[in-house]
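Reviewing the structure listed below.
The values are calculated or read from the model by the stated rules, or taken from the named source; none is laboratory data. Computed from a predicted structure; not experimentally measured. Here Cβ is always computed from backbone atoms with ideal geometry, including for glycine, and neighbour counts include all displayed protein chains.
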Amino acid sequence: MRNRSPILKDERAFQHYSRLIVLGIKQDLLVSLGEVAEVLCTTPRHCRTLLQSLQQREWLNWTPKSGRNQRSILHLNFSPNEIQTSRARLLIEKGNYENALELLEGDQNQFSSLLQQTSGALIREGQLHIQLTYQRIFSQLLPHKPLRNSERFLVRQVYACLTACDRNGVVKPQLAHHWQQSADATKWRFYIRPQLRFHSNSLIDAELICDLFTNLCVLPEYEKELAHVRNISASHQCVTFELSTSDQGFAALLSDLRYSIQPARQIGNASGINVDGCGPFRMVEQSDKRVRLQAFDHYFSTRSLTDSVTIWQFDHTPSERIQFGRTNTDNPHQIIESHTSEAASTQTRIENGCLYLVFNMNNGQTPLTHAQRKYLSKTLSPELVLQEEGLSELLLASIPAHSLLPDWTKVRPQAAEETSLPAQLDIAVYDHLVILDCARVLSDKLNQMGVESRVNVYSFSELHERAQRNELSEGLVIASLITDDNLPISMFRWFCSNSILHQGLPDEAKHWINAELAVLRGQYEAGDYLKILESLATTMLYENWIAPLFHHRQTLKWLGVLQGVSMTDWSWPDFKNVWTDD
């Protein structure tokens, strides 16, 4: 009842205010106390008390005049809808979401708008809470499943790995505090920290980690990466991996979010479960409405400065930037978007990775020749896409890509003579605004060239599953190269295991890449991966097996009152280190 009492008082006050609307709003009204009392159906004495209460809420201004039958000045400041919106906004800021939605009579659009306006950091009962909105529903956060960019960010919040690796290939401890390798890098031993716990409070020990990796080894998605793992054993607080071939970067490989430590039972039970992780935040709720995270007090490393995070999910058109900041609340009835504030701060950069076009050489039809791929790479260029009208804001914020990473050697499409093309070239994509825009433009261009072309749209998981089974029958595929905070390993894994890439490559290309990656593993540590992989990428572009399309421009905006806000590799704010001095 303690939480309901102020709400009930506000409701009674609103009922009184609503009766006054018949007098007129947003204008000075000359009325006597008796006339107001008559409208409120009460005595003049009680009327005076009600007017004082409404004035304290700043809903109205009442300037009484002394003397019998003197007309006072009454000014009603807001319409009933404005009052209800303001009340709902205050309830949202206090975390009373259900009451706010009830007050709005279930209006999801208005509720969504208020959530966006109040996004940012709030202090509730001495704890820091972050509230954000997002434009789609997240898939389940299981590290061993194909995941889109934002889910990968959330996986990093919910899970931890044995090791961490930065963009320079420097490997650091996480759940393993130390590791050793044999001279030929075929035997790796990882020493696990004592008393580690999952969010469910179950123990994390060497036996559990051994069981987890044994399960991962048999999954098709891990087959190439772990094909050289001959044996995994556990003793005391140590996990030992015995490899059939040398792997100088094995400790770095285990930093990838796909090797996040989770209970082995989650591998075989991929639906209908509450995910159990061991990262800085535990999952409190994941539904089709919101994701709620709570700081995990027993995280092995530094405890998060943020106590909780709520991300509301709505079906809205995506924006190219993430807004992260409170709106102006000096006047609770005045709605000011955070991106219009002069105090707003901004970080922006070009993402690693890109959208790219795959020439599918294994679609069950006659493969495209090198001359055809070369001609299409030139004709279906990213510059061509940007010339079209009606493109999404996200695509217009992107820049043409001429390599897989923005700082790699740019390989521009070579001049190519016009050549005959197949009668039909369909395009496979997953449901992503920018990719759909690209596919529409490229398909229209092919149709204009006399090539019948349709766009077949799959879900993200279905596209990857079909590629894993070599069942993509489309001649062209538009996909996304996503990198994480461990850039060298992200790129290595894409070359090694990406199912869409390998569905499209001809057999000789796959054999060549596998041989090059085997040499890379045996001779180089993670810090040297990128320069070797850049050479592979350049060859692939010259051979026109793939064609880069766009790098996305990432933008993060927040109000200056927040401290410690920084953009992660996924363009999301770094939840763990956000704080405020309010």
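Comparison of L386, L376 shows that the only residue that is modelled with pLDDT under 95 and of a type in the set (A, V, I, L, M) is L386. Residue-level check: of (1) under 30 Å from A183 (Cα atoms); (2) at pLDDT 95 or above; (3) not acidic (D, E), L293 misses just (1). Counting only residues that are touching a Lys or Arg at 6+ places or on another chain (Cβ under 9 Å) and of a type in the set (A, V, I, L, M), which one in the stretch 223-251 is surrounded by the most Cβ atoms within 10 Å (Cβ to Cβ)? Among them, the one singled out is V239.
Selection of the stretch 56-74 for residues being loosely packed, with under 15 Cβ neighbours inside 10 Å and within 48 Å of the chain's Cα centre (by Cα) yields Q56, E58, N61.
The criterion of at least 2 residues that are in contact with a strand residue (DSSP E or B) (Cβ under 9 Å, 6 or more places away or on another chain) is met by the following helices (runs of 4 or more DSSP H) wholly inside the stretch 486-582: 487-497, 499-504, 529-542. Against the conditions (1) surrounded by fewer than 21 Cβ atoms within 10 Å (Cβ to Cβ); (2) part of a loop (DSSP other than H, G, I, E, B); (3) modelled with pLDDT under 95, P146 satisfies every one except (1).
Exactly one residue among D256, D276 is under 18 Å from L154 (Cα atoms), touching a helix residue (DSSP H, G or I) at 6+ places or on another chain (Cβ under 8 Å) and surrounded by fewer than 19 Cβ atoms within 10 Å (Cβ to Cβ), and that residue is D276. Restricted to the stretch 165-237, the set of strands (runs of 3 or more DSSP E) holding at least 2 residues that are under 30 Å from the mean Cα position of the chain (by Cα) and modelled with pLDDT of 95 or more comprises 171-173, 176-181. Against the numbered list (1) more than 26 Å from the chain's Cα centre (by Cα); (2) under 20 Å from G169 (Cα atoms); (3) of a type outside the set (S, T, N, Q), Y542 comes up short only at (2).
So for the stretch 467-479 (the condition being surrounded by 17 or more Cβ atoms within 10 Å (Cβ to Cβ), more than 28 Å from the chain's Cα centre (by Cα) and under 27 Å from A397 (Cα atoms)), does at least one residue qualify? Scanning the stretch 467-479 turns up no residue that is surrounded by 17 or more Cβ atoms within 10 Å (Cβ to Cβ), more than 28 Å from the chain's Cα centre (by Cα) and under 27 Å from A397 (Cα atoms). Can you say whether S443 is over 20 Å from L384 (Cα atoms) and in the same structural domain as S392 (by TED's automatic domain parsing), as far as the supplied structure shows? Taking the combined requirement at face value, the residue does not satisfy it. With respect to (1) surrounded by fewer than 14 Cβ atoms within 10 Å (Cβ to Cβ); (2) farther than 30 Å from E462 by Cβ, the lone exception for P220 is condition (2).
Which of the residues belonging to the stretch 16-33 are of a type in the set (V, I, T), farther than 24 Å from S66 by Cβ and outside any helix (DSSP H, G or I)? Of everything in the stretch 16-33, just one residue is of a type in the set (V, I, T), farther than 24 Å from S66 by Cβ and outside any helix (DSSP H, G or I), namely I25.
Looking across the stretch 22-51, the residues that are surrounded by fewer than 14 Cβ atoms within 10 Å (Cβ to Cβ), under 19 Å from N77 (Cα atoms) and in contact (Cβ under 8 Å) with a residue 24 or more places away in the chain come down to G24, K26, Q27, D28, L30. In the stretch 176-183, is there at least one residue being of a type outside the set (F, W, Y), out of contact with any Gly (no Cβ under 9 Å at 6 or more places or on another chain) and buried (at least 19 other Cβ atoms within 10 Å of the Cβ)? Within the stretch 176-183, one or more residues are of a type outside the set (F, W, Y), out of contact with any Gly (no Cβ under 9 Å at 6 or more places or on another chain) and buried (at least 19 other Cβ atoms within 10 Å of the Cβ).
Conditions tested, residue by residue: (1) part of a loop (DSSP other than H, G, I, E, B); (2) surrounded by 18 or more Cβ atoms within 10 Å (Cβ to Cβ).
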site: Q414; (1), (2): yes, no
site: V429; (1), (2): no, yes
site: I435; (1), (2): no, yes
site: L442; (1), (2): no, yes
site: V457; (1), (2): no, no
site: S461; (1), (2): no, no
